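Colleague: Sharing a structure, written as C-alpha cells. Questions coming.
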Amino acid sequence: MHELIYVIVSKDASLAGAECEKLLDQLLQPHQKTTGLFSADAAGISASEVLDELRTAPFLTNKRVVVVKNADDFVSNNRMLLEKYFDNPCPTGILVLTVNSWPSQTKLAKKLSKVGKLISVAEPKPWQLPRLLIEYAKDAHGKKLAEDAAALLVELTGDELTRLHGEIDKLALFADAEKVITVGHIESLIGHNRIFGAFAVIDAVIAGKTAQAVARLRNMFAQDKAAEYTIVGAFAFHFRRMFNAKALLEKGVWTGEITKKLRIWSNQESFFAQLRQMSLKQIGSILQKLADIDFKIKTGQTKAEVAIEQLVLNLHTDVIA
C-alpha cells in the first residue's frame, strides 16, 4: 500500500532526483506514467495548480502522482495551504515533494508522519563516489567509466555529486563514439589545465620565484570558477604522483619506466628536477598538509584561496629550503 504524500529530503538535488525516480518506478508502471504522472519544478508552478493536479481524476490508472521538485521555497510560501491538504489529502492523488531540508519541529513535519512518509537521502561517503559515477555514466550515457578514471575524476573535481555528474556529461560528449571514458579523456578535457597550473606553481616555488608562483596561483582562481572546489585535488594529484615517483626512484626504477607507469607524458625534465629538490619525507609532509587544508575547507574553517596561497608562500622556506 502506498502513502498519499512523500517528502524526499537531500542536500544534493541529483540524489533527491535519483531517489524520486526510484519512487516513481514503485508507484507507477512505465505505461501509466504518460497519463498518471505530473512533474514540475516548484519555481514554475503555483500551489493551486498542484492541488488541481492532485484532484484530477486518474486516467488509465488508479492513482495520479504529482511531483514538485526543489520545493523548499514552495513549502515555505504555501505552508498553511499545505497543512490543510495534509489534513485531508486526495485519496486518488499522491504528492511527492523533493526538498533540501525538512525541519522536524514544523506542523507539516508532524502531520506528514500521519499521512505520508519522509525519505531522507544521505550524502555518499567519499569512497562510494567512484562506484556511483560508474553507475551514472552507464545509466545516463551508456558508457563505461573505468575505475581509475572515476577515482581521478573525484580527485580533480571534488566530492559534490552534482558537479561530478556534470563533468561526466561533458566527458561523455568528449569521448563521442568511444564506449569507455578513460583516464586519458579526463586528463585531456578536465585535468590538463588544473594539473598543469599546479605544476607551474610548484615549479616556480622550487625555482625560488615565490611571487611568480603566487601570481600563477591567483590566475588559476581567476580563470577557473570551479577552482575553489578543485584546487586542492590538483595539487594533491601532482604531489601524490611525485611521492610515487620518488619512492620508485629510491628503489632504483629507471626514469623511463616511471614516466610510463605514472603517465608522465609532459614536462618530464622539470618533473624529475622537482623530485631532485625534495625528499620523500618532505613530499609526504605536503600531502598531509593538503589533506588538512581539504578538511578545513569542507568544514568551513578556511577558504581555498587563502589556504593554498599560504601553503605556496611557506613551501619554499619550510620544506624545500
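Colleague: Going by the structure shown, is LEU54 at pLDDT 90 or above, in the same structural domain as LEU161 (by TED's automatic domain parsing), more than 14 Å from VAL9 (Cβ to Cβ) and not acidic (Asp, Glu)?
Modeller: no
Colleague: Is region 288-302 home to any residue that is farther than 19 Å from ASP159 by Cα and not assigned by TED's automatic domain parsing to the domain that holds THR162?
Modeller: no
Colleague: While we're looking at this one, here's another question. For region 1-14, give me each residue that is touching a Leu at 6+ places or on another chain (Cβ under 6 Å) and in a helix (DSSP H, G or I).
Modeller: Matches in region 1-14: SER14 only.
Yes/no matrix, rows are residues, columns are (1) in contact with an Asp or Glu (Cβ under 8 Å, 6 or more places away or on another chain); (2) of a type in the set (Phe, Trp, Tyr); (3) in contact (Cβ under 8 Å) with a residue 24 or more places away in the chain; (4) closer than 30 Å to LYS84 by Cα:
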site: LYS117; (1), (2), (3), (4): yes, no, yes, yes
site: LEU153; (1), (2), (3), (4): yes, no, yes, no
site: LYS179; (1), (2), (3), (4): no, no, yes, no
site: VAL205; (1), (2), (3), (4): no, no, yes, no
site: GLN212; (1), (2), (3), (4): no, no, no, no
site: ASP224; (1), (2), (3), (4): no, no, yes, no
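Colleague: For region 21-48, give me the residue count where each residue is more than 14 Å from LEU97 (Cβ to Cβ), surrounded by 15 or more Cβ atoms within 10 Å (Cβ to Cβ) and under 25 Å from the mean Cα position of the chain (by Cα).
Modeller: Of the residues in that region, 0 qualify.
Colleague: Now, a different point. Taking region 242-283 on its own, how many of its residues are under 17 Å from GLU155 (Cβ atoms), surrounded by 15 or more Cβ atoms within 10 Å (Cβ to Cβ) and in contact (Cβ under 8 Å) with a residue 40 or more places away in the chain?
Modeller: The qualifying residues number 3.
Colleague: Can I ask one more? Looking only at region 21-30, count every residue that is in contact (Cβ under 8 Å) with a residue 12 or more places away in the chain and part of a helix (DSSP H, G or I) and tell me the total.
Modeller: So the answer is 4.
Colleague: State whether one or more residues within region 291-305 are in a helix (DSSP H, G or I), of a type in the set (Phe, Trp, Tyr) and without any contact (Cβ under 8 Å) to a residue 24 or more places away in the chain.
Modeller: Yes, region 291-305 contains at least one residue that is in a helix (DSSP H, G or I), of a type in the set (Phe, Trp, Tyr) and without any contact (Cβ under 8 Å) to a residue 24 or more places away in the chain.
Colleague: Tell me the helices (runs of 4 or more DSSP H) entirely within region 137-241 that contain at least 1 residues that are charged (D, E, K, R), in contact with a strand residue (DSSP E or B) (Cβ under 7 Å, 6 or more places away or on another chain) and buried (at least 20 other Cβ atoms within 10 Å of the Cβ).
Modeller: Qualifying helices (runs of 4 or more DSSP H): none found.
Colleague: Let me ask you something else. With the condition being of a type in the set (Phe, Trp, Tyr) and touching a Cys at 6+ places or on another chain (Cβ under 6 Å), I'd like the strands (runs of 3 or more DSSP E) fully within region 34-114 carrying at least 3 qualifying residues.
Modeller: none
Colleague: If you go through region 15-37 one residue at a time, how many are within 10 Å of ARG64 (Cβ to Cβ) and among the charged types (D, E, K, R)?
Modeller: Of the residues in that region, 0 qualify.
Each row is one residue, and each column tells you yes or no for (1) in contact (Cβ under 8 Å) with a residue 60 or more places away in the chain; (2) outside the structural domain of TYR229 (by TED's automatic domain parsing); (3) among the small types (Gly, Ala, Ser).
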{"position": "LYS114", "(1), (2), (3)": "no, yes, no"}
{"position": "ILE134", "(1), (2), (3)": "no, yes, no"}
{"position": "ALA140", "(1), (2), (3)": "no, yes, yes"}
{"position": "ALA146", "(1), (2), (3)": "no, yes, yes"}
{"position": "THR157", "(1), (2), (3)": "yes, yes, no"}
{"position": "GLU160", "(1), (2), (3)": "yes, yes, no"}
{"position": "ILE168", "(1), (2), (3)": "no, yes, no"}
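The values are calculated or read from the model by the stated rules, or taken from the named source; none is laboratory data. Everything numeric here is computed off the predicted structure, so don't read it as measured data. Here Cβ is always computed from backbone atoms with ideal geometry, including for glycine, and neighbour counts include all displayed protein chains.
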